[in-house]
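Encoded as structure tokens, the structure appears first; notes follow it.
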Amino acid sequence: MTEQDFILKNYNANIDNGSVKWTSPSNIALVKYWGKKKHQIPENPSISFTLSDCKTITEITYTKKDSKGFSFDVFFEGNKNEAFKPKIQTFFERIESYMPFLTAFHFKIETSNTFPHSSGIASSASGMSAIALCLMSIEKKLTTQGNSTNDQAYFNKKASFLARLGSGSACRSIEGELVVWGKNDSVSNSSDLYGTKFEADVHSVFKNYQDTILLVDKGEKQVSSTVGHQLMYGHPFAEERFKQAHVNIANLKTVLATGDLNEFIKIVESEALTLHAMMMTSLPYFILMKPNTLEIINKIWAYRAQTDSKVCFTLDAGANVHVLYPESEKQNVIEFIKNELVTYCQNGHYICDQIGQGANQIQL
Ligand code: DP6
């Protein structure tokens, strides 16, 4: 599919108002997206686990208006929020050509997260995908039967396509349990334009795979992901890194089929450290890990060396640590976390989550 396929050609201008509501989850990348081209096209493919409980809940109420331009208000956890507006304004500008009705309505966007906003968990993936899904539901209401928006596969693709234009990783939050984004040879139908559900064989060991997020630092990041991506331009190791991601996706595909957790650990931990290595070798260079991030990594390695555990870690663009492990190890790993890792978490906070099925519409 191309961008042209996502342009809505006509819609029913007689609908005056309505409301739609979605919950959309966060996701955690196993092979990381770091570096992008124009129009939110990734420099390399990525693959993620969709999460289950870390979600954004968004309701959009739309009311017909006569004035020109965009008109919207944002409420976060019940309170009017001006800080989120610029990002949504940019998002609307990027997607207007695919949704011409955006200027025909005033939108009241009411949103909240199931995880604390100040947790340092990126809410852009769940937040942007939730808005994209609400807008798709509005598009569906404005179009008649037989229109492509009424086709579920098209709906998901366009929702992911739009979410990508809000925040790259958001395009991987529409479906579960594993989603690939970015064209690569090992995953058929993969695309730079949207996330694709990973349909190849997945071994039963990954069923209900656990992700416990250790909240090491809840503060605002010193360098945003957007700036970090830009620093991959002219980065001395960029080309090798982009190639490596393709190889890691191909290898991970095999690992997902065989259930070889030793190989899984190698790929996932190496990806996490490579992401941070890219940050440390950018110009300007920066470090998002904190001393406690490293303490936790070392404890996980020591625990693995002492036991036959297959627990491993990954990181996103921050100091928090995602601890990944099979469901069969849940009791032991939680015990290990409580005994040895909680001490490195800010205020002892951590969040237990697991692999999930994707976004859900809430009927009003
Ligand atoms: C490190 O999706 O937040 O989490 O497209 O600029 O919004 P923008 O960036 P964003 O980048 C996420 C990067 C990452 C890795 C990943 O999720 O693949």
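The values are calculated or read from the model by the stated rules, or taken from the named source; none is laboratory data. Nothing here was measured: the structure is a model prediction, and the numbers come from that model. No Cβ is skipped: glycine too gets one built from the backbone with ideal geometry, and neighbour counts run over all protein chains shown. Heavy atoms of the whole protein, side chains included, go into the accessibility calculation; ligands, DNA and RNA do not. Shrake-Rupley method; radii C 1.70, N 1.55, O 1.52, S 1.80 Å.
Considering only the range 45-52, I want to know if a residue exists there that is over 13 Å from the mean Cα position of the chain (by Cα) and among the hydrophobic types (A, V, I, L, M, F, W, C).
Applying the first criterion (over 13 Å from the mean Cα position of the chain (by Cα)) to the range 45-52 yields 45.
Remaining after also requiring among the hydrophobic types (A, V, I, L, M, F, W, C): none.
Taking every residue of the range 45-52 in turn, none turns out to be over 13 Å from the mean Cα position of the chain (by Cα) and among the hydrophobic types (A, V, I, L, M, F, W, C).
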Next on the checklist: Against the conditions (1) open to solvent by less than 30 Å² (accessible area, probe 1.4 Å); (2) closer than 14 Å to F206 by Cβ; (3) of a type in the set (D, E), where does E327 fall short? Just the number, please.
Outcome noted: (1)
Checklist entry - If you check A130 against the conditions, is it at pLDDT below 95, within 16 Å of the ligand (Cβ to nearest atom) and not assigned by TED's automatic domain parsing to the domain that holds T293? => result no
Checklist outcome for this item: Okay, strands (runs of 3 or more DSSP E) sitting entirely in the range 304-362 with 2 or more residues that are within 16 Å of the ligand (Cβ to nearest atom) and not polar (S, T, N, Q), I get 312-315, 321-325
Checklist outcome for this item: Residues in the range 211-222 that are within 16 Å of the ligand (Cβ to nearest atom) and either open to solvent by 30 Å² or more (accessible area, probe 1.4 Å) or free of Cβ contacts under 8 Å to residues at least 60 places away in the same chain (or both) total 4
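Being within 16 Å of the ligand (Cβ to nearest atom) and open to solvent by 10 Å² or more (accessible area, probe 1.4 Å) is the requirement here; does H117 meet it? Walk me through it before giving the result.
On the way: within 16 Å of the ligand (Cβ to nearest atom): yes; open to solvent by 10 Å² or more (accessible area, probe 1.4 Å): yes.
Against the criterion (within 16 Å of the ligand (Cβ to nearest atom) and open to solvent by 10 Å² or more (accessible area, probe 1.4 Å)), H117 qualifies.
Would you mind stating whether A159 is more than 30 Å from L294 (Cα to Cα) and part of a loop (DSSP other than H, G, I, E, B)? Spell out how you get there, then give the answer.
Working: more than 30 Å from L294 (Cα to Cα): yes; part of a loop (DSSP other than H, G, I, E, B): no.
Criteria not met by A159.
So that you can scan it fast, the table gives a plain yes or no per residue for (1) among the charged types (D, E, K, R); (2) farther than 22 Å from F206 by Cα; (3) at pLDDT 95 or above:
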{"site": "I265", "(1), (2), (3)": "no, no, yes"}
{"site": "T274", "(1), (2), (3)": "no, yes, yes"}
{"site": "L294", "(1), (2), (3)": "no, yes, yes"}
{"site": "W301", "(1), (2), (3)": "no, no, yes"}
{"site": "H322", "(1), (2), (3)": "no, no, yes"}
{"site": "E335", "(1), (2), (3)": "yes, no, yes"}
{"site": "L341", "(1), (2), (3)": "no, yes, yes"}
{"site": "Q354", "(1), (2), (3)": "no, no, yes"}
Checklist entry - If P236 satisfies every condition in (1) farther than 27 Å from S52 by Cβ; (2) within 16 Å of the ligand (Cβ to nearest atom) but one, which is the exception? => result (2)
Checklist entry - Do we have any residue at all in the range 196-203 that's open to solvent by less than 10 Å² (accessible area, probe 1.4 Å) and either more than 16 Å from the ligand (Cβ to nearest atom) or among the small types (G, A, S) (or both)? => result no
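For A125, indicate whether it is more than 19 Å from S52 (Cβ to Cβ), part of a helix (DSSP H, G or I) and within 16 Å of the ligand (Cβ to nearest atom). Walk me through it before giving the result.
Numbers: more than 19 Å from S52 (Cβ to Cβ): no; part of a helix (DSSP H, G or I): yes; within 16 Å of the ligand (Cβ to nearest atom): yes.
Here the answer is no, as A125 does not meet what is asked.
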Next on the checklist: Just the residues that are surrounded by fewer than 18 Cβ atoms within 10 Å (Cβ to Cβ) and either in contact with a Cys (Cβ under 9 Å, 6 or more places away or on another chain) or closer than 30 Å to P116 by Cβ (or both), please, taken from the range 224-242.
Outcome noted: S224, T226, V227, Q230
Item to check | Top-ranked residue of the range 161-195 - restricted to ones that are under 24 Å from K207 (Cβ atoms) and small (G, A, S), ranked as most open to solvent (accessible area, probe 1.4 Å) | outcome: S188
Checklist entry - What is the number of the single condition among (1) open to solvent by 50 Å² or more (accessible area, probe 1.4 Å); (2) under 27 Å from Q346 (Cβ atoms) that C312 does not meet? => result (1)
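Can you tell me which residue within the range 289-306, out of those that are open to solvent by 10 Å² or more (accessible area, probe 1.4 Å) and in contact with a Leu (Cβ under 8 Å, 6 or more places away or on another chain), is farthest from V31 (Cα to Cα)?
As a first pass, look at the range 289-306 and keep what is open to solvent by 10 Å² or more (accessible area, probe 1.4 Å): 289-292, 294-295, 298-299, 301-306.
Cutting the leftovers down to in contact with a Leu (Cβ under 8 Å, 6 or more places away or on another chain) gives us 289, 299.
Values: M289: 18, K299: 23 Å.
Restricting to residues being open to solvent by 10 Å² or more (accessible area, probe 1.4 Å) and in contact with a Leu (Cβ under 8 Å, 6 or more places away or on another chain), the top hit is K299.
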Checklist entry - A257 is checked against (1) of a type in the set (G, A, S); (2) touching a residue at least 60 places away in the same chain (Cβ under 8 Å); (3) surrounded by fewer than 16 Cβ atoms within 10 Å (Cβ to Cβ) and fails just one. What number does that condition carry? => result (2)
